[in-house]
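Each reported figure results from applying straightforward, stated rules to the coordinates on display, with no laboratory input. Just so we're clear, the structure is a prediction, and the values are computed from it rather than from any experiment. Note that each Cβ is placed from the backbone with ideal geometry, even for glycine, and that neighbours are counted across all protein chains shown.
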Amino acid sequence: MIIKLSKRLQQIADWVPKNSRLADIGSDHALLPTYLAKEKHIVKAIAGEVNPGPFDAAVRQVKGARLESIIEVRRGDGLAVVQADEVDCITIAGMGGGLIVSILQTGVDKLSGVQRLVLQPNVGEDLVRQWLREEKWLLKAEHILEEDGKIYEVLLAERPIEGWEADEFVQADKAMYASRQLACGFVLDEKWLLKLGPYLSQEVSGVFIEKWQHEVNKQERILNTMAKSDAEETAERREQFVAYKSELEELIACWQKGRQ
């Protein structure tokens, strides 16, 4: 059986360390752990799935690949399928950032022994970045890609280097989210870096610009809807949306000029 991953899942797979003990949460059809096991890239995997349909599909996938000795499919919610110190890498993909944060926070006691998180939120990437900061995980890399008309961000985080003191993490974190001024004069402060991504906003790609152009279009639709209401509260909120849209447009113009 030959497994070909989507570009999104391949990026996640590429960031799973060699010889990992992996937990893939929300594993769906267990494609990711099956691929990694067939490539002899991992020594063990737990494919966690809460929904009965995908759980059954994952079981069939693993059995069909004859990988039951490496991959165990477990049914449960989030990190409930994992025991503390059982895995050293966790992947969570294809859900909202708020849900990813909830899964990690609810199962935070299961993260002992875990050295790497590979996370792919569909929305709410800033929520994931903020949680990583608060829980003292170092954001090491970010990747953005487009596939089948959708744009995805993948985040890689690791525990701080062994022996680091708390102030060393704080210094590294502060440096990552330190305000920086673009050539056009726009200042990316901490708020913007959490939203845009500290790495993605340094190496601006066409896909990255496209994502934020979509966001401008979304704000335009929201403003058009608001224009139909005369409520005072709506007027106040409209000002906030106008300001946000204006800043995004300024940013996009700045990025495009820098790429010329």
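Taking 0.36 nm per residue of sequence separation and removing the Cα-Cα distance, the E168/E203 pair yields an extension gain of 10.1 nm. For the chain, the list of Cys residues with no other Cys C-beta under 4.7 Å reads C89. Rounded to the nearest 500, the helix-only mean residue ellipticity at 222 nm of the chain stands at -14000 deg cm²/dmol, with each DSSP H run of n ≥ 4 adding -39,500 (n - 2.57).
Across the chain, Cα pairs under 8 Å and at least six residues apart give a relative contact order of 13 percent.
Taking packing as the residue-averaged number of other Cβ atoms within 10 angstrom, the listed peptides 186-196, 96-106 run from highest to lowest as 96-106, 186-196. With 27 Å as the limit, the listed pairs K4/K195; K18/K174; K7/K44 have K4/K195; K18/K174 beyond it between alpha carbons.
Annotation for the stretch 194-245 versus the stretch 78-117: alpha-carbon center distance of 31 Å. In this label model, R180 and Q10 are separated by 2.8 nm, measuring between points 7 Å along each Cα→Cβ vector.
Excluding same-chain neighbours fewer than eight residues apart, the lysines reachable from K228 by a Cα-Cα span under 28 Å are K211, K218, K245. If you run the Gaussian network model on the chain, springs between alpha carbon atoms under 10 Å, then out of P54, P198, P33 the most flexible one is P54. Every pair of different Cα atoms in the stretch 157-250 enters the Kirkwood calculation, which places the hydrodynamic radius at 15.9 Å.
Beta bridges from DSSP with both residues in the chain: antiparallel share about 40 percent, rounded to the nearest 5. As a ratio to 2.2 N^0.38 Å, the alpha-carbon radius of gyration for the chain is 1.12.
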